[in-house]
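Student: Attaching a single structure in structure tokens format; questions to follow.
The values are calculated or read from the model by the stated rules, or taken from the named source; none is laboratory data. Owing to the predicted nature of the structure, the values given are computational and were not obtained by experimental measurement. Cβ placement follows ideal geometry from the backbone for every residue including glycine, while neighbour counts extend to all protein chains displayed. Each accessible area value is taken on the protein alone, full model and side chains, heavy atoms only, with ligands, DNA and RNA left out. Shrake-Rupley method; radii C 1.70, N 1.55, O 1.52, S 1.80 Å.
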Amino acid sequence: MSDTKQSTPSIQNSLHDHAPGSGKIEVKDRIASGGELHQDIAEHGDHKDGVAHLTDNFGHRIADNENSLKAGLRGPTLLEDFILREKIFHFDHERIPERIVHARGSGAHGVFECTKAIPELTKASIFQKEGTTCPVFVRFSTVTGGAGSVDTPRDVRGFAVKFYTESGNWDLVGNDIPVFFIQDAIKFPDLVHSVKMEADRGYPQAASAHDTFWDFVSLMPESLHTVMWAMSDRGIPRTFRNMEGFGVHTFRFVNEKGEGKFIKFHWKPVLGLESTTWDEAVKIAGANPDFHRQDLFESIDQGNYPAWDFGVQVFDEAWAAKQPYDVLDATKLIPEEEIPVEIIGRMTLNRNVDNFFAETEQVAFLPTNVIPGIDFSNDPLLQGRLFSYLDTQKSRLGTTNFHQIPINAPKCPFHNFQRDGMMQTLVPTGRANYEPNSLAEAGESGGPRACPTTGYKTFEENAERNDPTEKVRARAESFADHYSQPRMYYRSLTENEQAHTASAIVFELSKVQIDHVRTRVVAQLRNVDESLAKRVADGLAIDLPEKAKAAKEPVDLGTSDALSIQKQAKNTLKGRTIGILFAEGSDLAEIKQFKMLIESEGGTPVLVAPKVGGIPVKDGELKADAKLDGAPSVLFDGVISILAPEQAEKLTRNAAAIQWFMDAYAHCKTIAHCKGTQVLLDRAGIEKDDGVIALEAFAKTGVKRHWAREPKVRDLA
């Protein structure tokens with residue numbers, strides 16, 4: 001308001017109230033019992049300056065913005081926490097109708113089969129008998145970008161599965177990384193605000209390489225474990241079919257006797273783990289922004305159904321109490337060497353959606369959707385999600401009746417007294433919309449009733465290292481170790497994977513414009529691994545800062561080979577896509593030979609040529625599947641070249657052909673070639689190694705990555 005005469009006290013008051021952070025205050029950093037940073041207004045500060053004080057939307061000052069209110073330090077979150085509920089409620093409704101996170105997704109239908117019955121662990125109907133099946137719907141997604149962003153940014157991926165069981169829907173809403181950035185749901189809006197496009201400029205899209213995200217990370221050491229995963233090759237998966245999935249949180253199985261065991265859920269891809277390189281991921285985004293979505297769709301369409309084995313880690317409270325970390329902490333995992341993953345099922349995706357919007361966009365996943373025999377733990381991040389997801393659907397889908405949308409509806413009967421609401425599609429009959437009632441005595445339908453025998457019962461125990469009589473905003477000290485598991489993860493990687501991780505952190509921090517943020521991140525990394533911190537500091541050309549003070553000194557937890565992609569790599573043609581380059585005069589019989597070999601092993605050959613349509617080749621004519629400049633080698637897991645010498649010579653003047661081979665070489669892929677192709681390889685500067693081979697060696701070599709080549713093609717941190 002430039003004309004103050006037109007201002008009213010109410011306008012002035014509203015302007016004043018909407019200027020957060022404009023006051024000059026003294027902030028005191030405090031590390032609390034769980035190792036979390038509190039930035040508090042100093043006790044002796046100016047408490048009359050209302051602008052400087054954090055409040056809820058109705059002006060109530062907030063004493064703790066780091067912890068939700070719990071029944072005991074390790075207890076469940078309380079519904080009376082109006083600060084948490086308002087913060088999450090407002091966050092859930094910030095965007096309409098696109099999802100705030102996981103906006104870009106791809107979905108498919110399939111079937112889940114129980115391969116090992118476990119009635120001694122759970123009364124969940126799907127696990128009572130080997131061979132029991134149920135339909136599923138799965139949605140994979142990136143987290144950070146909008147619905148129109150690309151498929152291959154460095155990011156966490158969502159891995160959400162809806163089981164349509166005979167006992168109702170069970171939604172296992174997880175990620176491709178087994179840990180998360182934060183320990184308490186009250187920090188979720190802050191995390192997402194920091195990683196999304198910066199508020200004043202609206203960029204970067206689908207990227208974490210910017211000031212606000214790394215500022216948050218530098219002040220929240222609990223986020224470092226997930227950051228290490230995201231900065232490693234796990235953050236750039238080759239396809240959805242090559243991703244692991246995790247339930248992230250600790251859940252609970254409950255059997256018919258009411259006995260409970262803690263559970264961690266795992267999805268293991270049958271095709272094995274596979275990643276891209278960063279240069280490859282960036283080029284895929286330009287060549288095909290829908291790369292992951294198209295790969296999933298076409299694999300199912302061609303009958304190459306992707307599958308995952310479903311496993312659990314099972315443990316009890318006695319085991320949990322002995323660990324140097326807290327199993328309720330979502331920033332921690334349980335090494336498979338400590339508790340092996342027991343495979344109990346398999347999921348196969350065998351049908352694409354009929355309509356992307358009706359199914360993939362309108363599907364609503366709810367962590368609260370569990371069936372008898374599956375229960376929650378007191379994980380404070382999970383507790384907040386139990387509220388948040390249900391609340392979000394009203395904003396995104398516009399009605400409390402979103403469960404009636406076919407993709408969300410259970411495939412078993414459902415009956416209750418909920419009525420009306422926007423977009424009501426059911427037509428209940430009779431007067432019974434309440435209970436108790438005695439309408440049945442008058443010959444009318446009295447409606448459904450609760451069943452203590454088969455209905456859902458919550459596990460009753462809540463005193464596991466917890467005093468539920470306390471109401472506290474705090475974290476247990478067992479949450480305070482933020483560095484031991486990131487250290488375990490980093491040291492479990494191969495040397496090549498470690499170099500990729502360090503290089504990714506250098507790249508991300510090179511985009512950060514605030515010097516002290518870079519310095520603070522490197523100071524935190526010194527607690528993870530000294531050599532990693534030195535590599536990052538050297539890559540940024542900064543001095544190695546003093547090590548950050550740890551809330552709890554880290555301990556060495558050893559290593560776990562299960563955390564490394566390269567240590568688990570499968571050298572197989574199954575599920576892989578191989579580009580075969582040919583041109584006029586190429587040997588048709590040889591092309592057919594390799595095409596048959598790849599298909600017989602479960603792979604997909606793609607014929608690439610300078611032109612599409614009928615191309616005259618030796619002994620016939622052949623159509624290409626893709627044009628050379630529209631099908632760069634980044635789209636393939638390996639490449640084969642079958643060229644007549646004169647055509648190879650001609651292609652040395654084609655930049656797309658030169659780049660085709662240069663990229664395959666730079667991304668450490670197998671290049672199988674005929675003698676005529678050598679002139680092209682020489683022009684591209686490609687040296688012979690274990691992965692640059694003659695055609696006849698292809699069947700033995702396969703399409704594995706040849707990581708020993710990488711130091712020749714790029715500098716890594």
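Student: Take the residues in the range 77-90 that are assigned to a loop (DSSP other than H, G, I, E, B) and over 11 Å from residue 384 (Cβ atoms); name whichever of them is most open to solvent (accessible area, probe 1.4 Å).
Tutor: Taking the range 77-90 first, the residues assigned to a loop (DSSP other than H, G, I, E, B) are 78-81.
Adding the requirement that they be over 11 Å from residue 384 (Cβ atoms) leaves 78-80.
On the way: 78: 41, 79: 136, 80: 99 Å².
Once the filter is applied, the top-ranked residue is 79.
Student: Return the residues of the range 121-146 that are open to solvent by 20 Å² or more (accessible area, probe 1.4 Å) and not small (Gly, Ala, Ser); say none if nothing qualifies.
Tutor: 121, 123, 128, 129, 130, 132, 133, 135, 143
Student: Do we have residue 623 as open to solvent by 70 Å² or more (accessible area, probe 1.4 Å), modelled with pLDDT of 95 or more, charged (D, E, K, R) and closer than 30 Å to residue 690 by Cα here? Lay out the reasoning, then the answer.
Tutor: On the way: open to solvent by 70 Å² or more (accessible area, probe 1.4 Å): yes; modelled with pLDDT of 95 or more: yes; charged (D, E, K, R): yes; closer than 30 Å to residue 690 by Cα: no.
No; evaluated as a whole, the condition is false for this residue.
Student: Identify, from the list 648, 708, the residue that is surrounded by fewer than 17 Cβ atoms within 10 Å (Cβ to Cβ), part of a helix (DSSP H, G or I) and on the phi < 0 side of the Ramachandran plot.
Tutor: 708
Student: Take the range 281-302 and flag every residue that is open to solvent by less than 40 Å² (accessible area, probe 1.4 Å) and either hydroxyl-bearing (Ser, Thr, Tyr) or more than 20 Å from residue 104 (Cα to Cα) (or both). Walk me through how you get there before you give the answer.
Tutor: From the range 281-302, those open to solvent by less than 40 Å² (accessible area, probe 1.4 Å) are 281, 284-285, 288, 291-292, 295-296, 299-300; that's our starting set.
The one that is open to solvent by less than 40 Å² (accessible area, probe 1.4 Å) and either hydroxyl-bearing (Ser, Thr, Tyr) or more than 20 Å from residue 104 (Cα to Cα) (or both): 299.
Student: Run down 504, 480, 541 and say which single residue is more than 30 Å from residue 252 (Cα to Cα) and either surrounded by 20 or more Cβ atoms within 10 Å (Cβ to Cβ) or charged (D, E, K, R) (or both).
Tutor: Details: 480 fails: more than 30 Å from residue 252 (Cα to Cα); 541 fails: either surrounded by 20 or more Cβ atoms within 10 Å (Cβ to Cβ) or charged (D, E, K, R) (or both).
Exactly one residue qualifies, and that residue is 504.
Student: May I pose another question? Read through the list (1) closer than 30 Å to residue 207 by Cβ; (2) surrounded by fewer than 20 Cβ atoms within 10 Å (Cβ to Cβ); (3) modelled with pLDDT of 95 or more, then give the number of the only condition that residue 149 fails.
Tutor: With respect to (1) closer than 30 Å to residue 207 by Cβ; (2) surrounded by fewer than 20 Cβ atoms within 10 Å (Cβ to Cβ); (3) modelled with pLDDT of 95 or more, residue 149 is out only on (3).
Student: Spot the failing condition for residue 204; the list is (1) of a type outside the set (D, E, K, R); (2) open to solvent by 20 Å² or more (accessible area, probe 1.4 Å); (3) on the phi > 0 side of the Ramachandran plot, and only one is missed.
Tutor: (3)
Student: Identify the residue in the range 594-645 that is β-branched (Val, Ile, Thr), assigned to a strand (DSSP E or B) and farther than 28 Å from residue 290 by Cα and, among all such residues, is farthest from the chain's Cα centre (by Cα).
Tutor: Here is the first cut: in the range 594-645, the ones β-branched (Val, Ile, Thr) are 598, 604, 606, 608, 612, 615, 617, 634, 639-640, 642.
From what's left, assigned to a strand (DSSP E or B): 604, 606, 608, 615, 617, 639-640.
Checking the rest, the ones that are also farther than 28 Å from residue 290 by Cα come to 615, 617.
On the way: 615: 43, 617: 46 Å.
So the residue we want is 617.
Student: Restricting attention to the range 669-680, which residues are more than 13 Å from residue 702 (Cβ to Cβ) and either in contact (Cβ under 8 Å) with a residue 40 or more places away in the chain or of a type in the set (Val, Ile, Thr) (or both)?
Tutor: Within the range 669-680, the first condition is being more than 13 Å from residue 702 (Cβ to Cβ), and the residues that meet it are 673-680.
Within the range 669-680, 674, 677, 679 meet the criteria.
Student: Further question: Write out, first by first residue and then by second, each pair whose Cβ atoms fall under 6 Å of each other, whose residues are 6+ apart or on separate chains, and whose first residue, in the range 206-217, is assigned to a helix (DSSP H, G or I) while the second is small (Gly, Ala, Ser).
Tutor: 212/194; 213/194; 216/194; 217/223
Student: Report, by residue number, each residue of the range 651-675 that is crowded, with 21+ Cβ neighbours inside 10 Å and of a type in the set (Val, Ile, Thr).
Tutor: Listed by number, the residues that qualify are 670, 671.
Student: With the structure loaded, tell me whether residue 573 is at pLDDT 95 or above, in contact with a Phe, Trp or Tyr (Cβ under 9 Å, 6 or more places away or on another chain), assigned to a loop (DSSP other than H, G, I, E, B) and of a type outside the set (Phe, Trp, Tyr) or whether it fails that test. Even if it seems obvious, please write down each step before you answer.
Tutor: Working: at pLDDT 95 or above: yes; in contact with a Phe, Trp or Tyr (Cβ under 9 Å, 6 or more places away or on another chain): no; assigned to a loop (DSSP other than H, G, I, E, B): yes; of a type outside the set (Phe, Trp, Tyr): yes.
No: the conditions fail for residue 573.
Student: Restricting attention to the range 201-208, does a residue exist that is touching a strand residue (DSSP E or B) at 6+ places or on another chain (Cβ under 9 Å) and more than 30 Å from residue 336 (Cα to Cα)? Walk me through it before giving the result.
Tutor: Of the residues in the range 201-208, the ones touching a strand residue (DSSP E or B) at 6+ places or on another chain (Cβ under 9 Å) are 206.
In the following step, the residues that additionally are more than 30 Å from residue 336 (Cα to Cα) were identified as 206.
Scanning the range 201-208 turns up at least one residue that is touching a strand residue (DSSP E or B) at 6+ places or on another chain (Cβ under 9 Å) and more than 30 Å from residue 336 (Cα to Cα).
Student: Something else about it: If a residue must be at pLDDT 85 or above and either open to solvent by 20 Å² or more (accessible area, probe 1.4 Å) or more than 27 Å from residue 463 (Cα to Cα) (or both), how many such residues does the range 44-65 contain? Don't jump to the end; show me each part of the working.
Tutor: So the first thing to find is which residues in the range 44-65 are at pLDDT 85 or above, and the list is 61-65.
Those still in the list that are either open to solvent by 20 Å² or more (accessible area, probe 1.4 Å) or more than 27 Å from residue 463 (Cα to Cα) (or both) too: 61-63, 65.
Counting residues in the range 44-65 that are at pLDDT 85 or above and either open to solvent by 20 Å² or more (accessible area, probe 1.4 Å) or more than 27 Å from residue 463 (Cα to Cα) (or both) gives 4.
Student: Within the range 380-397, is there a residue that is assigned to a loop (DSSP other than H, G, I, E, B) and either modelled with pLDDT under 90 or out of contact with any Gly (no Cβ under 6 Å at 6 or more places or on another chain) (or both)?
Tutor: First, the residues of the range 380-397 that are assigned to a loop (DSSP other than H, G, I, E, B): none.
No, that holds for no residue.
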